Structures are given as structure tokens and as C-alpha cells.
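Before any comments, here is the structure.
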Amino acid sequence: MGKSLTRKILEEHLVTGEYVPGNEISIKIDQTLTQDATGTMAYLQFEAMGLKQVKTGLSVSYVDHNTIQVGFENADDHKYLQTVAAKYGIVYSKAGNGICHQVHLERFGKPGKTLLGSDSHTTTGGGIGMIAIGAGGLDVAVAMGGGEFYLTCPKVYKINLKGRLQPWVSAKDVVLKMLEIFTVKGNVGVIIEYAGTGVKNLTVPERATITNMGAEMGVTTSIFPSDEETKKFLKAQGREADWVEQKADDDAEYDKIVDLDLSTLEPLAAAPHSPGNIVKVSDMKDLKVDQIMLGSCTNSSYREIATAAKIMKGKKVHPDVSFGVAPGSRQVLQMATRDGYISDLLDSGARLLEAACGFCIGNSQSPRSIGVSLRTSNRNFEGRSGTADAQVYLVSPEVAAVSAITGKLTDPRKTGIEYPKVSMPIKFLVDDSMFIFPKDADKNVEIFRGPNIGAPPVNDKMPDQIKGIVGIKVGDKITTDHIMPAGARLKYRSNVPEYSKYVFEPIDKLFPTRAMEAKKKGLHTIIVAGESYGQGSSREHAALCPMYLGVKAVIAKSVERIHAANLLNFGIISLSFKNMADYDKIAQGDEIEIPDLKKKLQNNEPVFLVDKTNNLKIELTYNLSQRQKDILFEGGLLPYTVKK
């Protein structure tokens with residue numbers, strides 16, 4: 001049998017292990033990216049490992065998340081990032097240059113290469129034919145130092161596309177349909193590969209929308225072939241030399257094949273409070289809207305901004321609606337301004353926002369209380385917008401623009417508005433002046449450290465047994481936003497003792513106090529969770545801060561890929577219930593023990609939790625390689641790497 005595109009690229013980059021789905025393998029990383037919300041800690045860890053320079057082909061540090069500068073913290077972190085980049089040979093993208101995934105696609109993405117980023121939506125790079133994977137900052141720091149990246153050799157699902165999208169149906173509707181099919185859980189260890197005759201009818205920005213939001217399915221990544229459409233995009237960016245054809249063999253073998261006819265799709269939305277809660281826009285009659293936000297790394301390309309502008313031209317935003325537009329990059333903003341689209345949007349009553357993440361991460365443009373907000377972003381987790389009771393729907397740019405006019409969630413096919421056709425530019429406006437390109441690593445650069453920036457805390461070695469309390473018990477689909485709130489709290493990302501005061505803030509504000517009290521008594525804290533624990537962001541603080549508070553184990557029905565890796569990286573063991581019904585038998589506050597844990601892990605023996613409060617003995621399962629065990633025994637990847 002032939003090989004999938006996924007297998008071809010992974011085997012070309014294979015360092016250790018065999019390409020057998022389910023086995024642990026490691027791969028060489030060609031490029032890395034970080035953003036400021038996760039990058040500060042990644043570079044602090046890079047320094048702590050004693051590394052002298054970056055050894056990847058390209059590493060880029062983007063500033064796009066916390067660009068709102070109220071207080072000194074964000075500006076200090078940006079200066080730290082700039083000086084670290086100069087010292088170690090990293091490209092620095094200044095605030096205002098745009099969102100990392102959009103900009104990287106435009107200026108640096110290369111078909112057939114591997115990209116590791118400290119952001120879950122690094123998967124966007126799959127739209128240009130890369131194996132692009134989101135990970136915790138510590139994994140990225142290791143890769144920057146020349147270390148390999150470890151992952152589970154994936155199953156590969158082929159999505160066989162045919163047909164073409166109908167007017168008013170977009171790439172956003174394709175990925176929402178995928179979420180309807182695959183849901184947001186149960187896809188760990190899978191890579192989605194798009195193929196078929198329909199691929200040629202999708203532009204690179206459309207493909208990038210699909211791979212970007214594929215992260216919400218919990219897959220490792222998604223990938224499109226690199227074809228003539230890819231070549232046209234790179235040529236328009238002045239990067240035709242970066243193009244190579246990348247495709248699967250005609251007789252490639254896949255673990256699953258799903259047919260999807262693009263011509264049968266219709267406008268869809270993700271209703272509150274999950275990207276997997278898919279509804280038809282045509283069924284959402286008379287839902288009044290308070291706010292509409294167009295942008296984010298999912299839907300902010302030139303074509304999408306231009307499409308919205310053509311819809312809005314000569315029309316006005318509904319009086320009851322606040323309509324904000326955030327271009328994904330400086331390139332998009334410059335071109336849309338040059339071509340008159342920004343003027344058309346402003347004439348309609350739209351608000352022009354910075355080319356940054358902004359509203360998507362909840363650090364600006366929060367809706368009113370109980371407000372309905374339509375957003376073209378990728379996540380609508382409860383409270384993520386910055387308003388706890390907001391009702392956020394995820395929609396396409398077309399639905400967003402039409403709904404801004406009508407004041408309610410509207411199926412654009414039923415409005416009588418002529419569908420705007422926007423062609424891809426033959427040539428993009430290229431201006432790289434907001435990148436700072438280092439000639440070489442400069443060891444003489446003095447790194448700036450503001451008072452909010454501290455050294456990354458290091459865990460103790462794994463104890464022989466875990467003994468303590470269940471600090472919190474949570475249900476299904478707990479996101480990293482639940483564990484470690486983003487938005488305004490992100491300004492403490494470089495100050496772990498301060499940021500740790502907000503662990504589980506949206507669920508239980510007293511958790512940090514209980515955990516610290518237990519830690520002072522020499523007791524460990526255990527988290528008990530349901531299915532799909534740790535969905536969402538790659539933000540490693542959702543593991544780092546609990547580690548600082550004394551959390552030693554997470555016992556869950558299932559844990560999502562990136563968060564499971566982050567827990568391991570910070571010396572927190574992830575265990576599962578052998579019998580899922582045992583989840584119901586444990587309560588918050590229970591006194592528990594996991595005896596002889598280290599010995600049993602080393603000997604591959606069953607592990608048992610003893611609930612002393614309820615006099616129960618519960619069997620737990622684990623799936624750890626010897627390397628992963630050694631990392632846990634050392635207390636995490638940082639001390640393990642330093643020792644190694």
C-alpha cells in the first residue's frame with residue numbers, strides 16, 4: 001500500500017521509534033513559533049536549560065495576544081521577548097504585525113516542513129502542507145534547542161472532499177460540519193488529512209481556516225496537500241521558491257475515510273458553549289444580536305475582510321449592534337486599506353480593531369451582560385469572551401456581516417443581498433519591516449527583565465507515593481480557560497506565584513487557598529475530572545500553576561493531548577479510571593492515597609487509589625513510555641532535560 005502525506009512527512013523527520021500508530025515516536029522540528037502569552041515562559045525555560053542559541057531552521061517570536069497595555073506588565077514582557085530574540089537568534093514580530101498563525105502562513109510557512117508552536121492553533125500551517133502541531137512552551141523550548149519532539153504515532157483519517165462551496169457557504173462551514181461529524185472529544189492521536197477532487201476548489205486561506213479550527217476536534221493536527229493552489233499563494237507572497245509539491249500516494253492507506261461533498265453544505269453556527277454544538281443558521285430564527293466580531297486567526301484573511309466589506313458597502317450596521325473588525329495581519333490591513341475595503345467598513349459603522357488576537361482571548365470587546373455575540377473565532381467556551389453569562393455563537397464572515405445589517409442571526413441566502421465574489425490577489429503587499437531579523441545570536445545582548453518576570457518554578461522529584469486530598473472534582477469538557485483563566489489575567493503569565501492565585505477561578509475561587517494549605521501540611525492535591533479534561537488552549541500554565549500549588553495527579557475519564565503532555569512536562573501524573581463508574585464514587589475533600597506509585601510505574605504494575613474517607617480501593621490505568629516515566633520521576637521535563 002502507498003503512503004499518506006502525513007506518513008511521508010513524519011517518516012522524513014523521524015528521529016526515534018517506528019511508524020506504528022499508537023507507538024511513541026520523536027520527530028525533528030524545522031520551525032517553531034511562540035506568541036507572547038505563552039512565549040515568555042517558553043523562553044524563561046529555554047534560558048533555564050542553559051541553551052546558548054536556537055538550532056532550528058527558523059524560530060519566530062510573535063507579539064499578538066496581550067497587546068492591550070494597561071499597567072507595565074505586558075510592555076515589560078514584550079521588551080523581554082525582544083531582547084531574548086536578539087540574544088538567541090530568533091526572529092521577532094512586533095505588536096501590530098499581526099496574529100502569529102496568519103502571519104506565519106503569509107511569510108514563513110513551507111510545505112513539507114514541521115512546525116511546532118506554543119499555541120494550539122499552530123495547526124493553521126497544515127493549510128499550506130506542513131505538519132504543524134501545537135504544544136506547551138516547554139516542548140517548544142526543547143525543540144528550539146535542537147531536541148526532538150515526542151508524540152504518539154497517529155492514526156490518519158482521510159476526508160475525501162468533492163464538489164465546490166455554494167454561494168454564502170464558506171470554509172468556516174466546512175470545519176463546523178467536521179465538528180458536527182467528529183465532535184470535540186475522542187480524537188486524540190489522530191491526524192486529519194484532506195484530499196479528493198474538491199481540494200483544488202479551496203484557496204490556501206480557506207484551507208487554513210479548516211486546519212486552524214480542526215484543533216477544536218482534539219486531533220494532533222490537520223493537513224492539506226501542497227498543489228498548484230499552494231504554489232499560487234506562495235508566488236503571490238513572493239515566496240515561489242518555497243513551494244514543493246506534497247501529496248499522498250494514490251493507493252495510500254488510511255485508518256478511516258469520510259466523504260464530504262462541499263456542494264451540499266449550508267451556513268452553520270456553533271451555539272453556546274462549545275465549538276461542537278453545531279446548529280443550522282436557517283433554524284436560528286429571530287435571535288437578536290448585540291455584538292459581532294470579525295477576525296481571529298480563523299477568519300481574518302484579505303479575502304474575508306474584503307468579502308465582509310462588499311456585503312456592507314452602502315449599508316449600515318444595525319443600531320443595536322456593535323460590529324468590530326480585526327484584520328489578521330498588517331499585510332491584510334494595508335491591502336484592505338489600499339483597496340478601499342476599510343473605508344467601506346467604517347462607512348457602514350464598523351469599529352476597526354488592532355491586527356491582534358484581542359477579542360478572541362477575552363482581553364477586549366467583552367459583550368454586555370447576557371449579551372448575544374456572533375464571532376468568527378474558533379472557541380466559544382463559557383466566559384472566554386470576558387463576560388461570564390454571554391451567549392457566543394461561532395459563524396462565518398458572511399453570516400457575521402449580513403447579521404450586522406439585520407441585527408439578528410441571519411441566513412444570508414434568504415436576504416436578497418447579492419453574493420460578493422472576491423478573487424485571491426495575484427500579488428500580496430509584502431512589507432517585513434515590523435520583523436526584527438537577527439543576523440546571528442548575540443551573546444552580548446542584555447536581557448530586559450521587569451519586576452513581574454520571575455524564574456520558572458521547578459517541581460520536586462516524584463514521591464514514592466501520593467498522599468493527600470481531592471482538591472477539586474470537575475465534570476466533562478473542562479477547558480484550559482476553566483483551569484487557568486486568560487483575558488486580563490494573562491498579564492501575570494511570567495509571574496507564576498501571582499498567576500496561581502487564579503487557578504480554577506471560573507469554577508471554584510477557593511481552590512488555590514485549599515491547595516496551598518494542603519501543601520504547607522505536606523499533603524498532595526489531586527484533581528478528579530470527567531471526559532475530555534484540558535480542552536482548548538496549549539497554555540502550559542494550566543499545568544504549571546497547579547504544579548506550583550502542589551498538585552501531583554490528575555485522575556480523569558480522559559485528558560486531551562496537549563494538556564496531557566503539559567501535565568507530564570511539569571511532573572503531574574495523568575491517570576484514568578479503569579471503570580468509569582468509579583468517577584462517581586469520589587468526592588471533593590476525600591482523603592486519598594496512591595501507594596507505591598513510583599515502584600508500580602517502574603514495574604508496569606496496576607495502580608490503585610485508596611479513598612480513605614469512603615473506604616474504597618479503585619484501580620487506575622496509565623499509558624506511559626519509559627521516557628515519560630523518567631520525566632515524571634525527575635519532576636518534569638525541565639529538570640529531566642537539564643540532567644540529560
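Of all residues in segment 182-209, those satisfying the criterion of being crowded, with 24+ Cβ neighbours inside 10 Å, assigned to a helix (DSSP H, G or I) and in contact with a Phe, Trp or Tyr (Cβ under 7 Å, 6 or more places away or on another chain) are V204, R207. Scanning segment 472-503 for residues that are under 19 Å from G636 (Cβ atoms) and small (G, A, S) gives S494, S500.
Inside segment 257-291, can you point out the residues that are basic (K, R) and at pLDDT 95 or above? Explain how you work it out, then say what you get.
First, pick out the residues of segment 257-291 that are basic (K, R): 280, 285, 288.
Result: K280, K288.
Counting only residues that are buried (at least 17 other Cβ atoms within 10 Å of the Cβ) and in a loop (DSSP other than H, G, I, E, B), segment 1-27 holds 4 of them. Scanning segment 401-451 for residues that are touching a Gly at 6+ places or on another chain (Cβ under 7 Å) and aliphatic (A, V, I, L, M), we see that the one that is surrounded by the most Cβ atoms within 10 Å (Cβ to Cβ) is M434. For residues in segment 606-644 being over 21 Å from G137 (Cα atoms) and basic (K, R), which is surrounded by the most Cβ atoms within 10 Å (Cβ to Cβ)? The selected residue is K612. Taking (1) farther than 22 Å from G145 by Cβ; (2) modelled with pLDDT under 95 in turn, H101 satisfies each apart from (2).
Given G147, G126, which one is over 22 Å from Y492 (Cα atoms) and either more than 15 Å from the chain's Cα centre (by Cα) or of a type in the set (F, W, Y) (or both)? Result: G147 is the single residue among G147, G126 that is over 22 Å from Y492 (Cα atoms) and either more than 15 Å from the chain's Cα centre (by Cα) or of a type in the set (F, W, Y) (or both). Residue pairs whose Cβ atoms lie under 6 Å apart, separated by 6 or more positions or on different chains, with the first residue in segment 592-611 and in a strand (DSSP E or B) and the second of a type in the set (K, R) and exposed (fewer than 14 other Cβ atoms within 10 Å of the Cβ), are F608/K617; V610/K617. When segment 612-634 is filtered for residues that are more than 22 Å from T152 (Cα to Cα) and in a loop (DSSP other than H, G, I, E, B), the ones remaining, listed by number, are K612, T613, N614, N615. Candidates in segment 232-269 are the residues that are in a helix (DSSP H, G or I) and within 25 Å of the chain's Cα centre (by Cα); of these, the one that is surrounded by the most Cβ atoms within 10 Å (Cβ to Cβ) is F233. Applying the condition of being over 21 Å from V392 (Cβ atoms) and among the polar types (S, T, N, Q) to segment 289-323 and asking which residue is surrounded by the fewest Cβ atoms within 10 Å (Cβ to Cβ) yields T307. Looking at A135, A85, A42, A48, just one residue is within 18 Å of the chain's Cα centre (by Cα) and farther than 30 Å from S4 by Cα, and that residue is A42.
For every residue, the table says whether it meets (1) within 30 Å of D250 (Cα to Cα); (2) not hydrophobic (A, V, I, L, M, F, W, C).
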residue: I29; (1), (2): yes, no
residue: T34; (1), (2): no, yes
residue: M41; (1), (2): no, no
residue: G71; (1), (2): no, yes
residue: G96; (1), (2): no, yes
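Of the residues making up segment 609-620, one or more are within 27 Å of G589 (Cα to Cα), of a type in the set (V, I, T), at pLDDT 95 or above and out of contact with any Phe, Trp or Tyr (no Cβ under 8 Å at 6 or more places or on another chain).
From the set of residues in segment 131-147 that are part of a helix (DSSP H, G or I) and either among the β-branched types (V, I, T) or in contact with a His (Cβ under 6 Å, 6 or more places away or on another chain) (or both), which is surrounded by the most Cβ atoms within 10 Å (Cβ to Cβ)? Give the derivation first.
Of segment 131-147, the ones part of a helix (DSSP H, G or I) are 137-144.
Next cut, either among the β-branched types (V, I, T) or in contact with a His (Cβ under 6 Å, 6 or more places away or on another chain) (or both) only: 140, 142.
Values: V140: 32, V142: 28.
Among those that are part of a helix (DSSP H, G or I) and either among the β-branched types (V, I, T) or in contact with a His (Cβ under 6 Å, 6 or more places away or on another chain) (or both), it is V140.
Against the conditions (1) under 21 Å from the mean Cα position of the chain (by Cα); (2) of a type in the set (S, T, N, Q); (3) under 19 Å from K439 (Cα atoms), Q35 satisfies every one except (3).
Of the residues L345, L374, L352, L429, the single one that is at pLDDT 95 or above, of a type in the set (A, V, I, L, M, F, W, C) and in contact with a Pro (Cβ under 9 Å, 6 or more places away or on another chain) is L352.
When the residues of segment 151-181 are filtered to those that are hydroxyl-bearing (S, T, Y) and out of contact with any helix residue (DSSP H, G or I) (no Cβ under 7 Å at 6 or more places or on another chain), the one that is surrounded by the most Cβ atoms within 10 Å (Cβ to Cβ) is Y157. Exactly one residue out of D476, D460, D508, D481 is outside the structural domain of V559 (by TED's automatic domain parsing) and at negative phi, and it is D460. For segment 84-93, the criterion of being surrounded by fewer than 24 Cβ atoms within 10 Å (Cβ to Cβ) and farther than 18 Å from I436 by Cβ is met by no residue. Residues that are touching a Phe, Trp or Tyr at 6+ places or on another chain (Cβ under 8 Å) and among the hydrophobic types (A, V, I, L, M, F, W, C) within segment 528-548 comprise V528, A543, L544, C545, M547, listed in sequence order.
Taking the numbered list (1) more than 25 Å from V402 (Cα to Cα); (2) among the charged types (D, E, K, R); (3) under 19 Å from the mean Cα position of the chain (by Cα) in turn, K158 passes all entries but (3).
Report yes if some residue within segment 51-61 is among the polar types (S, T, N, Q) and under 19 Å from the mean Cα position of the chain (by Cα); otherwise report no. If you could, list the steps in order and put the result at the bottom.
Let us first name the residues in segment 51-61 that are among the polar types (S, T, N, Q), namely 53, 56, 59, 61.
Checking the rest, the ones that are also under 19 Å from the mean Cα position of the chain (by Cα) come to 59, 61.
Yes, segment 51-61 contains a residue that is among the polar types (S, T, N, Q) and under 19 Å from the mean Cα position of the chain (by Cα).
I want to confirm something. Restricting to segment 493-515 and keeping residues that are closer than 13 Å to M547 by Cβ and of a type in the set (A, V, I, L, M, F, W, C), which single residue is modelled with the lowest pLDDT? Before you say what the answer is, go through the steps one by one.
Kept after step one, since they are closer than 13 Å to M547 by Cβ, are these residues of segment 493-515: 496-497, 499-500, 503, 512, 515.
Next, only the ones that are of a type in the set (A, V, I, L, M, F, W, C) stay: 496, 503, 515.
Details: V496: 92, V503: 96, A515: 97.
Top of the filtered list is V496.
The values are calculated or read from the model by the stated rules, or taken from the named source; none is laboratory data. Note that this is a predicted model, so its numbers are computed, not measured. Reconstructed Cβ throughout: ideal geometry from the backbone, glycine too, with neighbour counts over all protein chains shown.
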